[in-house]
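Enquirer: To start, I am sharing the structure in question, which I have written as structure tokens.
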Amino acid sequence: MSKAVDTGTNSVKVSEGVIEKITEIAINSVDGVCGIAKGKFRFDQLFTKAGQPSSVTVKVNDGAVEIFTEVNVSASCKVKSAAEKIQQRVKEDVQSMTGIAVTKINVFVKGIVFDNE
């Protein structure tokens, strides 16, 4: 996304794409997560080097962000616990790296991955 989020301090702007990437890295570091679900293809990705579309979406509301993500989790983990860990890790990482308040993180478990897959 080309839209920028104003952090309010010294006119620093952070791209939504940066917040999406921080979110992806944070999600993949949580135990029990088998990856981010593949997102729907967006026309604007046709002309970028982004590769596979992501299922991380960032919405900006009054200088704060809401994050929506879809993930796949391992069959051996507790889904609720994994989702809560994702929310905590993403909030900590985004706020510490960007200084932007995170008001909401919606985690949708899109699939369960079994060990033999």
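The values are calculated or read from the model by the stated rules, or taken from the named source; none is laboratory data. A quick note: this is a predicted structure, and the numbers were derived from the prediction, not measured. With ideal geometry, Cβ positions are generated from the backbone for all residues, glycine too; neighbour counts draw on all protein chains shown. For the accessible areas, the whole protein counts, side chains as well, though only heavy atoms, and no ligand, DNA or RNA atoms are used. Shrake-Rupley method; radii C 1.70, N 1.55, O 1.52, S 1.80 Å.
Enquirer: How do Val18, Val107, Val94 rank by accessible surface area computed with a 1.4 Å probe, from largest to smallest?
Expert: Accessible-area ranking of Val18, Val107, Val94, largest first: Val18, Val107, Val94.
Enquirer: If Asp31, Asp62 are ordered by their accessible area, calculated over protein heavy atoms with a 1.4 Å probe, which sequence runs from highest to lowest? Don't jump to the answer; show the numbers that get you there.
Expert: Working: Asp31 130, Asp62 165 Å².
Result, largest first: Asp62, Asp31.
Enquirer: If you average the C-alpha positions of the stretch 77-106 and of the stretch 13-27 separately, how far apart do those two centres end up, in angstrom?
Expert: About 12 Å separates the Cα centre of the stretch 77-106 from the one of the stretch 13-27.
Enquirer: Let me ask something else about it. Could you work out the local net charge near Asp31, counting Lys and Arg as +1, Asp and Glu as -1, over the other residues with Cβ closer than 11 Å to its Cβ? Can you show the working numbers first?
Expert: On the way: positive: Lys78, Lys85, Arg89; negative: none.
Spelling it out: positives minus negatives among the neighbours equals +3.
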